[in-house]
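Below: the structure, in structure tokens.
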Amino acid sequence: MRLLLVEDEDLLRAQLVKALEDNDYIVDSVQDGELGLYQANEFSYDAAIIDLGLPKMNGIDLIKAIRAEAKVFPILILTARDNWTDKVEGLDAGADDYVVKPFQIEEIKARLNALLRRAAGFAKPSLDFAHLSLDTSAKQLNVSGKPVELTAYEYKVLEYLMLHPGQVISKMELTEHLYEQDYDRDSNVLEVFVRRLRQKLDPQETLKPIDTVRGQGYRFNVPPN
Amino acid sequence: MSPQTSIQTKYSLQQRLVLAFGILLILFLGLTGLVLNRAFQESIAASVEERLQLQVYAVLGVAEPDADMSFFVPDLEEARFSQIDSGLYAFIFDQQGNEAWRSPSAVNMALFDMDVTAEDIVPGQMFYGSVETEEQGPMSFASYGTYWSGLEQEFSFVVLESVAPTDAEINEFQSNLWLWLGGLAVFLSLAQYALLYWGMTPLKRLAHDLAEIEAGNKEQLGEDYPSELRNLSHNMNMLIQSERQRQSRYRTTLGDLAHSLKTPLAVISGVIQQDQKLEQKDMQDVSEQVERMNQIVTYQLNRATKSTHTRMLLSPVIIRPVLAKISAALNKVYIDKKINVESDVSADSTFYGEESDLIELLGNLLDNAYKYCQQQVRIQIQNIDKNLQILIDDDGPGIAEQDRHWVLERGARADTRKTGQGIGLAVALDIISSYGGELKVENSTLGGASIQVEIKYN
């Protein structure tokens, strides 16, 4: 999952980047509204965290500008002013949720998780497909009710595919959303992850949940429960 | 209110002027009437006496006494002496009071008592009086004493005249007088009303303009007042403007302060959460203190911003669109809860005050309801008369009776409050209190808390 973080306070930005990266998110962080808008227009993100009090272009205007570009990824507001006028204005401008400073990192993670899942159309914290169930808060895969161990990268790939069920996801898109920008994009590594995932999800090859679409990418083909 | 102020405020300016001018008018016209009436009556009385005196001299001039003490009087020039019951009569009495002669007009008259003794009739002197007679009613008379040297006898010549014609004349004068004075009173009253209306117009306009500012329809007073009021209006404009500026400056400063305090708090909070060397217990302690500081900052800043509004600058805010915005925001945030919101808000429900206060009030109350409900929230808002009533119910756990008192303690400090419903309700309560309203916590028919707000604007 690739996130855009726009926060002007250096220390806080660094803390958030670290906490989010520890949680396996890919984070692009910038310190003002104009840079935030540039990033949002140039790259594809799964969600954004935007502080309301930003230099150059304030948070509200940034959110409006992002929505005006028809970007639909969820936006989480950080606000220091714990008043409803600001919250209502931010949510009205197109944000999806807010967190008031100072916050617990855990709260940001929980809200982000909920936003990402919700954006993909899931109301519950777990993504359920046939006998497959991915608990996004505990980062745990269950197959027929039994827990199955996944590596961090296997989890990321599976979560991304499950959050876009029925859509063809190119290898390029997957790398963009799962790896740092300077990562050496060797598609063979992805193929290895997908092969291992298929074995773990469906050892008997009865469900075949991940299709390979020749020349285009992968598709998670099981309809959600 | 002290008795002094009650007298000072009992009458309006217009009432004072009308009352004072009214009393003055009645006194002036009443006294004028009395003086004129009296002067007229005196002049009438004087002219009656003059006329009687002339008649007495006329009789005296032609009267011829006989040896037997009776008199011969030839026809008098005044025809009324010869005409029976004409209202003008002449008599001559001797020293003993015996009648020596009477005019033909007095043929039918009985004798009368003039109540004048012989001593009063001094020769050469005229005596005036009035008498009540059986036939003619009240009459004026003049009596003149004379000494007839040939007869060695004193006689008195008396002329009587009925007062009926003069009475009629006085009556007519009086009714004319009061009619004119009454007309004058009506005219002056109307003129006074017109003058007052004209004179008070600038004051009325000032009051109207102030009401318009209060209602939020106008920014400030015009400068087109008469010179006496121009200073006042100018100063009031300055006051209104500086109050507005002060409020917005205050708000901005406080907002900046909140921002600059909270970001460091967020950093500290982040540091302790990521510091591996800290003991779990220490981490918890520091976190708690950071959270406490945060609550104090939040609560006090909210309080400070809320209490700055002055009642004079209240403007009407239609509640429905504001509520729609807040609901849309909350629906986004609590979308996973699939809350069933039942809203009964009349289209004309109005809040008189700052829109931001209404947003904070509804935001905090509704956030609590959304947060603590299971599935059901009910919003009822209406104006009864001019008072605003807000009822927000939910089907959550409610607020236990023993916890309600600290929620409702005005001015209770943030650091003594528990987290949860408390801080939102405290902010809401502060806003409501600053508008002189009341907040009650009851059990809802939905099963949870029922927050009941009433703000009176009278």
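The values are calculated or read from the model by the stated rules, or taken from the named source; none is laboratory data. As the structure is a prediction and not an experimental result, all values here were calculated from the model. When we count neighbours, we look across all protein chains shown, and the Cβ atoms used for this are built from the backbone with ideal geometry, even at glycine. Ligands, DNA and RNA are stripped out before the accessible areas are found, and what is left, the full protein with its side chains, is counted by its heavy atoms. Shrake-Rupley method; radii C 1.70, N 1.55, O 1.52, S 1.80 Å.
Among the residues of B:327-339, the average count of other protein chain beta-carbon atoms within 10 Å of the residue beta-carbon is 4.
Relative contact order for chain B: 9 percent, from Cα pairs under 8 Å spaced at least 6 residues apart, divided by residue count. Volume of the convex hull of segment B:140-180 (Cα atoms only), normalised per residue: 58 Å³.
When A:Met57, B:Met69 are compared by accessible area of protein heavy atoms, the largest-first order is B:Met69, A:Met57, using a 1.4 Å probe.
What net charge is computed for the residues neighbouring B:Ile451, neighbours being all others with C-beta under 12 Å from the C-beta of B:Ile451, Lys and Arg scored +1, Asp and Glu -1? Once positives and negatives cancel, what remains is -3. Here is the P(r) of segment B:1-215: all C-alpha pair distances, binned every 5 Å from 0, give 1, 6, 11, 12, 11, 9, 6, 5, 5, 5, 4, 5, 4, 4, 4, 3, 2, 1, 1, 0, 0, 0 in whole percents. As a ratio to 2.2 N^0.38 Å, the alpha-carbon radius of gyration for the protein assembly as shown is 2.02. A Förster distance of 60 Å, applied to the separation of the beta-carbon atoms of B:Asp403 and B:Val186, puts the FRET efficiency at 0.25. Going by accessible surface with a 1.4 Å probe and the largest first, B:Ser86, B:Ser233 read B:Ser86, B:Ser233. In this view, the solvent-accessible surface of B:Thr253, computed with a 1.4 Å probe and all protein chains in place, comes to about 80 Å². Using Cβ point charges alone (K and R +1, D and E -1), the dipole size of the protein assembly as shown about the Cα centre works out to roughly 6080 debye. A:Val168 contributes about 60 Å² of solvent-accessible surface, heavy atoms of the protein only, 1.4 Å probe. For A:Ile75, nonlocal amide neighbours, meaning residues 5 or more places apart or on other chains whose placed amide H falls under 5 Å from its own, are A:Ala48, A:Asp96, A:Asp97. With the Kirkwood sum run over all distinct C-alpha pairs, chain A has a hydrodynamic radius of 18.3 Å. Figure note: A:Asp86, B:Asp75, B:Asp282 ranked by solvent-accessible area, largest first, 1.4 Å probe, ligands and nucleic acids not counted: B:Asp75, B:Asp282, A:Asp86.
For A:Ala80, the residues 5 or more places off, or on other chains, whose built amide H falls under 5 Å of its own are A:Leu52, A:Gly53, A:Lys101.
Wrap a convex hull around the Cα atoms of segment A:96-225, take a quarter of its surface area, and give that in square nanometres. Average projection, Cα convex hull of segment A:96-225: 9.0 nm². Extents of segment B:158-216, taken as max minus min of Cα coordinates on every principal axis and listed largest first, are 89, 14, 13 Å. Note on chain B: with charges restricted to the Cβ of Lys and Arg (+1) and Asp and Glu (-1), its dipole about the Cα centre is near 5480 debye. Computed from the alpha carbon positions, the gyration tensor of chain B leads to an equivalent ellipsoid with semi-axes of 106, 23, 19 Å, biggest first. With all protein chains kept in place, the per residue accessible area of chain B amounts to 56 square angstrom at a probe of 1.4 angstrom.
With the charge dipole of the protein assembly as shown set up from +1 on Lys and Arg Cβ and -1 on Asp and Glu Cβ about the Cα centre, the Cα lying farthest toward the positive end among the listed residues B:Ala191, B:Leu221, A:Gln167 is that of A:Gln167. Expressed as a whole percent, the accessible area of chain B that falls on carbon and sulfur atoms is 56 (1.4 Å probe). Taking all protein chains as shown and a probe of 1.4 angstrom, A:Arg118 keeps an accessible surface of around 50 Å². Backbone geometry of segment B:94-99 corresponds, through the Karplus equation with coefficients 6.51, -1.76 and 1.60 at θ = phi - 60°, to 3J(HN,Hα) couplings of 8, 4, 8, x, 7, 6 Hz, x marking Gly and Pro.
Counting only other chain Cβ atoms within 10 Å of each residue's Cβ, the peptide A:3-11 averages 2. Over the protein assembly as shown, dividing the summed -39,500 (n - 2.57) contributions of all DSSP H runs of at least 4 residues by the number of residues returns a 222 nm mean residue ellipticity of -16500 deg cm²/dmol. Averaged over peptide A:90-102, the number of partner chain Cβ atoms lying within 10 Å of each residue's Cβ comes to 5.
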